Structures are given as C-alpha cells and as structure tokens.
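Here's the structure we're looking at; comments come further down.
The values are calculated or read from the model by the stated rules, or taken from the named source; none is laboratory data. What you see is a predicted model, and the numbers here were worked out from it, not measured in a lab. Note that each Cβ is placed from the backbone with ideal geometry, even for glycine, and that neighbours are counted across all protein chains shown. Surface accessibility is based on the protein's heavy atoms, side chains included, excluding ligands, DNA and RNA. Shrake-Rupley method; radii C 1.70, N 1.55, O 1.52, S 1.80 Å.
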Amino acid sequence: MENAIEVKGLRKSFKDTEVLKGVDFEVRQGEIFALLGSNGAGKTTTVNILSTLMKSDEGTIQVCGFDVSRQPGKVREHISLTGQFAAVDEVLTGRENILLIAKLRSVPKPAQVADELLKRFGLTEAGNKRAGTYSGGMKRRLDIAMSLVGAPAVTFLDEPTTGLDPEGRLEVWKTVKELAGSGVTVLLTTQYLDEAEQLADRIAILNEGKIIANGTLEELKKMFPPAKRECIEKQPTLEEIFLAIIGKGGQIK
Ligand SMILES: Nc1ncnc2c1ncn2[C@@H]1O[C@H](COP(=O)(O)OP(=O)(O)O)[C@@H](O)[C@H]1O
Ligand SMILES: [Mg+2]
C-alpha cells in the first residue's frame, strides 16, 4: 500500500451550507501533507471525517487501507488526532497526562512509554510539573506526545501552531519534523503559508469547498509564478527580528 490516505469525492454539508464540495487528495506513507486553507475553509471538518469523528455525506475515504465509514474501528486503531485546541489536563503533570492515555489505551509498560515520550519531546525535566504551568509550545508538544501513545501510523494535527508565539511555533515545527522522520505519516492543517512551506512534503490548498492546488512547494510555485519581480533590499520580518533577539533565529531543519 503506497498511500496512507485516499480521499475521493468527499462532500459534507451543514444544513443548507455545503462546506466540502467534492474533495480529492492522497497522502503517501511517511510524508508530511499540509491542508492549507483560511478560517472556515473546512479543514477541521475534513480532519474530523478522516479520523472517524464525523460522517461524510458522500465520497470514499480510506485511511491505512481501511474505509472510514465501513471500518471506523480499524481506522481508529491506526491513527491519532491532535485537535485544534490542546487537550491536555492542566491539573495533571505532563507525565501523568501521558500515563493517563497509556492506561486508557492499555499499552504495555505505561511508565516506560511515558518516560520515552517525555524524552523524545524534550519534556523530561518538565514531566513532573503541572501542565498548567507549561508554555503554549510545551503544551502543544505534550499534546502531540500524548497522541503518539500506541504508535499510530498516521497522525492528524489540526492547526498545531495556531495561537502559539513564534518560539512555540518553532518548537512544534521541530517536533513535527522529528515525527515524520520516525516514519509516521502526518496530515496537518494550517492557515499559514510559511508553516506549510517549512514542514510539508506536499501541500493541498482547500478553498470554497474544493482542492484548488495540490503538489510540492516547487510545483505550486511553478503554478503560481510571482506576478512581477521587484528588486528591493530584503528587510527581516518582525518574526525574524523577534527570534533573533531571543536567540532562536535561523531555519530549523
Ligand atoms: N457542526 C457544525 N455545524 C454547522 N456548521 C459547521 C459545523 N462545523 C463546521 N461548520 C461550518 O463549516 C465551515 C467549515 O468549518 P471548519 O471545518 O471548522 O473550518 P476550518 O477548520 O477550515 O476553519 C464553517 O463555515 C463552519 O461554520
Ligand atoms: Mg479548524
């Protein structure tokens, strides 16, 4: 099986409003795929349908070779979902949050799983502190770590950096790259071009209910050449300046 996700003719309406009007795309195994769209484009709706939380009106969708409407249980065994809003329990410590999920999922050796995930996400030191004291980036990282309990093959990250400060965004970007490096297929949604540019192997743009462009960054750049060339001295963006000041500048890789 080459594709981790296959979506064909996906349609979804809420009352009279058709949000998804025939969406098609494929995600290959092991890649980071970005679904890019502005607020209200239907990104969360798509993720909810692909992760079996919501039913489509029409279309065939396969995740890890299983049909989301006919084999939702099988799909759930192979995926994880990190929603748009961090799902960590702020009263519990980071470690307890992971332990909770590990026990709910009945994975063997929950304590070892928790320690490994904390380490992998740079949270070992913070592991015994309440999640409520974490920065936005740390909470997101914990949220992603929690979603990886049970080693899913495909993970859905719905707007993983919305609401984070620039430092937190960089932390999460690094985490997502490491995730993909470990062989997990990642479908993430974002409203930020730079996020898709930084992270994604392939990008699909969702607009007015349809995928209007789909390809690698290079392919998309060829489809939308710059309208005109300007010769100007490039000024650093405010974000670059901010990151330079706090000592976290530079490209992540
Ligand atoms: N449960 C729902 N009931 C009615 N309308 C909804 C529901 N969920 C989403 N919508 C509408 O569908 C559209 C797409 O929403 P959503 O998928 O959340 O977009 P995005 O995640 O891209 O911001 C929006 O106009 C939203 O108001
Ligand atoms: Mg959304």
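Quick rundown of the values:
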item: Label-to-label distance, nm, for residues given as D89 and K129 (7 Å Cα→Cβ offset); result: 2.1
item: Long-range amide H partners of G22 with built H, under 5 Å; result: L10, R11, K12
item: Stretch gain in nm, segment T216-D194, where the contour uses 0.36 nm per residue and the Cα spacing is subtracted; result: 6.6 nm
item: Relative contact order (percent, whole number), the chain, Cα cutoff 8 Å, 6+ residue spacing; result: 25
item: Radius ratio Rg over Rh of the range 67-148, counting only Cα atoms, Kirkwood formula for Rh; result: 1.02
item: For the range 3-223, alpha-carbon Rg and Dmax in angstrom; result: 17.1, 51
item: Accessible-area ranking of I205, I49, largest first, probe 1.4 Å; result: I205, I49
item: Surface per residue (accessible, 1.4 Å probe) for the chain, Å²; result: 54
item: In the range 72-170, the chymotrypsin sites (Phe, Trp or Tyr not before Pro) that fall in loop regions by DSSP, at most 16 other Cβ within 10 Å; result: F85
item: Cα centroid separation - the range 50-118 against the range 1-49, whole Å; result: 19
item: Helical mean residue ellipticity (222 nm; -39500 (n - 2.57) per DSSP H run of 4+; nearest 500) of the chain; result: -10000 deg cm²/dmol
item: Whole-percent carbon and sulfur share, accessible surface of the range 3-223, 1.4 Å; result: 50
item: Estimated D of the range 5-105 in µm² per second, where Rh is the Kirkwood radius over Cα pairs and Stokes-Einstein applies at 25 °C, 0.890 mPa s; result: 162
item: Contour minus Cα-Cα distance for D16 and K119 (0.36 nm per residue); result: 32.3 nm
item: DSSP beta bridge pairing in the range 3-223, given as percent antiparallel to the nearest 5; result: 55
